[in-house]
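The structure under discussion appears below in the form of structure tokens.
The values are calculated or read from the model by the stated rules, or taken from the named source; none is laboratory data. Everything numeric in this text was worked out from a predicted model, so none of it was measured. Counting neighbours? That spans all protein chains shown, and the Cβs are built from the backbone with ideal geometry, glycine included.
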Amino acid sequence: MAIYQKAVEVLGIENQLLKTVEELAELQRAMVRFMANGGLEDEYDNLIEEIADAKIMIRQLEVILHKSDKDYNEKIEEKEIEKLLRLENIILMEEANDI
């Protein structure tokens, strides 16, 4: 986690927030290209690269948010559980419709 903290300190919060938006937009574009082109190898490789970039920026975003909210990790975990339970219910409903 030290590299993410250092990046935020050296490059600045605002800069890293903007970079996060940029990297997430690039991931979105890579996903669209991947889907539109039937998962071609070139598109797959680009998608992998953009996922890595987005994950790095999300980890920096977590550093930024944790600074201002010490309960950040607990709040994220709570939301993840809530959303996973909702996903599980959606899956169960879809499986029931297939019967």
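If I ask for residues that are surrounded by 15 or more Cβ atoms within 10 Å (Cβ to Cβ), over 15 Å from Ser68 (Cβ atoms) and of a type in the set (A, V, I, L, M), which ones from the range 2-20 would you list? The one that is surrounded by 15 or more Cβ atoms within 10 Å (Cβ to Cβ), over 15 Å from Ser68 (Cβ atoms) and of a type in the set (A, V, I, L, M): Ala7. Determine, yes or no, whether Glu62 is assigned to a helix (DSSP H, G or I) and in the same structural domain as Leu17 (by TED's automatic domain parsing). So Glu62 passes the test.
Of all residues in the range 21-37, those that are among the β-branched types (Val, Ile, Thr) and closer than 29 Å to His66 by Cα total 1. Could you check the range 28-39 and list, in sequence order, the residues that are of a type outside the set (Phe, Trp, Tyr) and buried (at least 18 other Cβ atoms within 10 Å of the Cβ)? Once the filter is applied, which keeps residues that are of a type outside the set (Phe, Trp, Tyr) and buried (at least 18 other Cβ atoms within 10 Å of the Cβ), the range 28-39 yields only Ala30. Restricting Asn97, Asn73 to residues that are surrounded by 12 or more Cβ atoms within 10 Å (Cβ to Cβ) and modelled with pLDDT under 95 narrows the list to Asn73.
Residues in the range 40-68 that are surrounded by 12 or more Cβ atoms within 10 Å (Cβ to Cβ), farther than 21 Å from Ile3 by Cβ and over 18 Å from the mean Cα position of the chain (by Cα) were compared, and the one that is modelled with the highest pLDDT is Glu43.
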